[in-house]
Amino acid sequence: MLTAKILASATATLKHPSLHGQRMLLAQAYGPDGESPDGEPMLVVDSLGAGIGSEVVITSDGRATREALG
C-alpha cells in the first residue's frame, strides 16, 4: 500500500471490459516521509469517488483489485 495524491482525471478511448464504468485518475505516490513525490505518477482506478487533490491509499494487491472490480 502507498499513500498518494490525486493529480488529475484520465480518459481512455479503449478499456478492458472489467474497467467499463470505472473512473481512472492520475496519482502521485509519496515517499517514506509522506511528503516528497516517489517515482512517476501512476494511473489508478477509483471506486470510492476521490477528487483532484484528495489524499488516498493505493494498492496493487491482486485480491483487493479483484474485489473492487467485481
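The values are calculated or read from the model by the stated rules, or taken from the named source; none is laboratory data. Quantities reported herein were computed from a predicted structural model and do not represent experimental measurements. Neighbour counts are summed over all protein chains in view; Cβ atoms, including those assigned to glycine, are modelled from backbone coordinates with ideal geometry. Ligands, DNA and RNA are stripped out before the accessible areas are found, and what is left, the full protein with its side chains, is counted by its heavy atoms. Shrake-Rupley method; radii C 1.70, N 1.55, O 1.52, S 1.80 Å.
A count restricted to the range 26-48 and to residues that are in contact with a Pro (Cβ under 9 Å, 6 or more places away or on another chain), open to solvent by less than 60 Å² (accessible area, probe 1.4 Å) and not hydrophobic (A, V, I, L, M, F, W, C) stands at 3.
Yes or no, residue by residue, for (1) exposed (fewer than 10 other Cβ atoms within 10 Å of the Cβ); (2) assigned to a loop (DSSP other than H, G, I, E, B); (3) modelled with pLDDT under 90:
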position	(1), (2), (3)
4	no, no, no
7	no, no, no
14	yes, yes, yes
24	no, no, no
50	no, yes, no
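In the set (1) surrounded by 15 or more Cβ atoms within 10 Å (Cβ to Cβ); (2) among the hydroxyl-bearing types (Ser, Thr, Tyr); (3) farther than 16 Å from residue 7 by Cβ, the condition left unmet by residue 18 is number (1). Can residue 57 be described as touching a helix residue (DSSP H, G or I) at 6+ places or on another chain (Cβ under 9 Å) and β-branched (Val, Ile, Thr)? Taking the combined requirement at face value, the residue does not satisfy it. I'd like the residue in the range 52-68 that is among the hydrophobic types (A, V, I, L, M, F, W, C) and exposed (fewer than 13 other Cβ atoms within 10 Å of the Cβ) and, out of all such residues, is modelled with the highest pLDDT. Out of the qualifying residues, it is 52.
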